[in-house]
Structures are given as C-alpha cells and as structure tokens.
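Written below as structure tokens is the structure these notes are about.
Just so you know, all these numbers are worked out from the coordinates, no wet-lab data involved. This structure is a prediction, so every number in the text was calculated from the model and none was measured. In this analysis, Cβ positions are derived from the backbone assuming ideal geometry, glycine residues included, and neighbour counts consider all displayed protein chains.
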C-alpha cells in the first residue's frame with residue numbers, strides 16, 4: 001500500500017475529513033510510501049497535517065477560505081468575500097505564516113530528540129523540511145500574499161502535486177523509519193480512509209467446500225464404491241447413445257468483446273477515452289537560483305529565475321504528445337536538454353513506462369538561451385493504457401534540477 005494515514009484524534013470537521021481523503025487518494029497509486037499525519041500533538045501544539053515520504057517531509061497548515069486571501073509575513077491575514085467583506089484569519093493568534101513556522105520548529109525538535117530511535121546513528125538534516133500553507137478548496141487567483149522562501153503558500157488542489165514533485169535536500173528515509181515516526185507520536189492508524197481510497201485491496205480467497213458427507217460415506221464401503229461405479233457407467237452409456245442417435249456439430253463462435261456496464265436508464269453512455277484525449281491546462285514549476293548556485297522551487301507568480309512548463313498533453317490517435325516550455329534568466333547559462341529517454345521519463349498510475357521516440361520528438365535538443373522561451377514536443381508511439389488514471393512526466397538531469405508533473409486522466 002502506497003499511503004498510510006495516522007491521526008492523533010479523528011477530525012470533527014467534515015472539511016478536514018474530506019481533505020484527508022482527497023490527499024490520501026492522490027498518493028494511493030504512487031510508487032513509494034507516503035504517510036499522512038493529521039490532527040496530532042507535538043511539543044504542546046496540535047498540527048494539522050504532516051506528509052512523510054522517502055525524500056521529504058512537509059509541515060502543512062490547512063486553511064479553508066471562501067474568497068481572496070490577503071496577508072504578508074508579519075501582519076494579520078484576511079479573507080475577502082465577493083462583496084468585499086473582510087474576515088480575519090486566526091483572530092487573536094499568529095497568522096498562518098508564523099503558525100506553520102512554529103509547527104515546523106516543534107516537529108523538527110521532536111525528530112532531533114528521537115533521532116536515534118528513528119534512524120539510529122544516521123545523520124539526517126531535518127531542518128530541510130518544507131513549510132506550507134494550503135488554502136482549501138483552492139487559492140483564489142486574485143489573492144495577495146507576500147511571503148518569503150521560508151513558507152510556500154498554495155491551493156489545496158495543488159498540494160498533492162507539490163508534495164510529489166518536491167523533496168527535502170539531504171533527506172532519505174526507509175519505510176521502517178517513516179512508520180516509526182507516527183508510532184513515537186502515539187498516533188493511530190486510520191485504516192477506514194485507506195480502505196476507501198484503495199477499494200481493490202487483496203481479499204481473502206473463498207473457502208472451497210469439502211466433499212459432501214453422503215459421498216464420503218459411500219466411498220468408505222465396498223458396496224458404496226460399486227454403486228458409484230455403476231452410476232458412472234450408466235451416464236457414459238447414455239451420452240454415447242445421444243451422440244450416435246442425433247449427431248453433433250462443432251461450432252466456432254466469434255470472440256465476444258467486453259461490454260461496459262452502463263446505467264442506460266439514468267442516461268449513462270459507454271465511456272470512451274477518445275472523447276477526451278487532450279488533457280491539462282498548463283502546469284508551471286518556478287525555480288530561483290540560490291547564492292550557492294543550486295535551484296529551489298518557489299510559488300508560481302513569485303520572482304523566478306526559471307519557469308519549466310508542461311503546456312499540453314495529447315493522447316489522441318494511439319500516441320502520446322507532450323509540449324514542454326522553458327524560460328530562464330541566468331545570463332551565464334546556455335541550457336541544452338536532449339529530448340531523449342535519459343532526460344524525459346513518462347509513466348502512468350499502473351507503473352507502465354512509456355519510451356520516447358527520439359526520432360519523432362523535436363527538436364532533438366532543447367537549447368534554452370537566457371530570456372528566450374523555447375518549446376519542445378515529446379512523442380511516444382504507444383497508446384496510453386486504458387486503465388491508467390494519471391501520467392507522471394519527469395524532466396531530469398537538467399541544470400535546474402528535476403521537475404515532475406502529475407497529469408490526471410479524467411474522462
């Protein structure tokens with residue numbers, strides 16, 4: 001199972017339950033273990049959500065806001081409704097930015113104190129944990145939030161993709177170490193959510209019925225064995241008589257096509273993926289160049305030194321076509337990224353790996369000069385698996401670091 005949900009207490013708010021279910025569903029089909037910790041206490045503070053994975057930890061403060069969100073690092077945050085009414089978020093308490101930082105320090109202190117119990121003598125820099133404020137159900141496009149690199153603000157609808165694509169530098173956990181964390185926090189496994197998002201979990205095989213008691217009793221005596229033998233002989237003679245009297249013909253029936261089950265009375269129609277084969281509005285990953293030359297993700301819309309965009313995904317005609325766009329401002333970099341299987345990987349929710357056609361993909365190498373937008377098309381000469389529910393596209397081995405996009409394939 002790719003996802004586990006652990007809780008301190010079951011959330012009372014239906015919005016929180018719904019959010020946890022959606023988040024667990026997003027991680028359920030991904031490779032590797034994802035652990036969601038929710039509504040638990042550490043250091044005298046109750047944390048909303050923490051997500052653990054092999055190469056990252058994400059401390060998340062959830063806020064439910066129906067309108068534009070306005071705020072900055074130090075001042076109060078407000079949500080503004082459509083009729084311009086403003087309501088303060090967290091009245092009398094820290095704003096969400098400082099709130100999630102407080103939770104980050106509490107959780108990192110806990111990991112430091114229990115380092116030996118979790119990871120033995122291995123050194124893991126827990127300070128590289130990500131700090132997030134997630135606005136549910138989504139971040140209003142006219143929101144005005146001014147924060148810095150310490151905290152990333154995004155919509156809840158973009159949270160799963162962010163957790164999947166981002167990582168915490170110098171952090172690597174095994175499955176055993178990840179599971180040890182909620183155990184030390186005295187959290188309880190919430191298996192109902194896991195069963196809800198993974199309804200096809202393996203079931204116990206059906207029991208095979210034993211031999212009827214009457215047959216068993218007959219076989220235990222010689223008279224019973226003789227009676228069974230005579231009965232079988234009579235059946236064989238009857239079959240031979242019918243064959244010789246009537247004759248038989250062998251008829252080869254055409255192979256039957258699988259027929260989808262459709263509720264016609266309710267106006268249902270047979271699903272057909274070809275009815276929808278162009279997917280996804282553009283998804284952009286923004287990066288800034290740090291003083292040491294490394295690249296770090298920032299919120300889209302913030303000042304960035306590089307924009308990596310998956311502009312379109314087309315699965316029409318038994319092929320897969322992706323459009324990638326790169327724009328950067330690094331004056332000392334002429335970036336060359338070959339469109340080949342070493343630099344672009346595509347796989348689906350079933351684990352199927354799709355090989356690029358390096359002949360059909362154009363250009364053969366993306367040349368991204370400073371302040372110039374360059375676009376490339378990746379082609380796969382293979383139809384997408386009909387049962388796949390998502391694609392995971394990864395651009396790797398680039399000067400900007402690896403970038404991944406999660407593409408939901410919803411009809």
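Odds and ends about this structure:
- The alpha-carbon atoms of the range 3-197, seen along their principal axes, cover 54, 35, 30 angstrom, with the largest extent given first.
- Two-site label geometry, residue 234 and residue 385: point separation in nm, points 7 Å out along Cα→Cβ: 5.5 nm
- Label zone of residue 352 (point 7 Å out along Cα→Cβ, amide N under 17 Å): in the range 17-32 this covers 29-31.
- Our estimate of slack between residue 291 and residue 180, defined as 0.36 nm per intervening residue step minus the Cα-Cα distance, is 36.4 nm.
- The range 126-194: projected area of the alpha-carbon convex hull, averaged over directions, in nm²: 6.5 nm²
- Gyration tensor (alpha-carbon) shape descriptor, the range 274-408, a/c threshold 1.5: prolate
- FRET E, pair residue 93, residue 316, Förster distance 56 Å, beta-carbon r, rounded to 0.05: 0.65
- Using the alpha-carbon positions of the range 1-117, Rg (one decimal) and Dmax (whole number) come out as 16.0, 54 Å.
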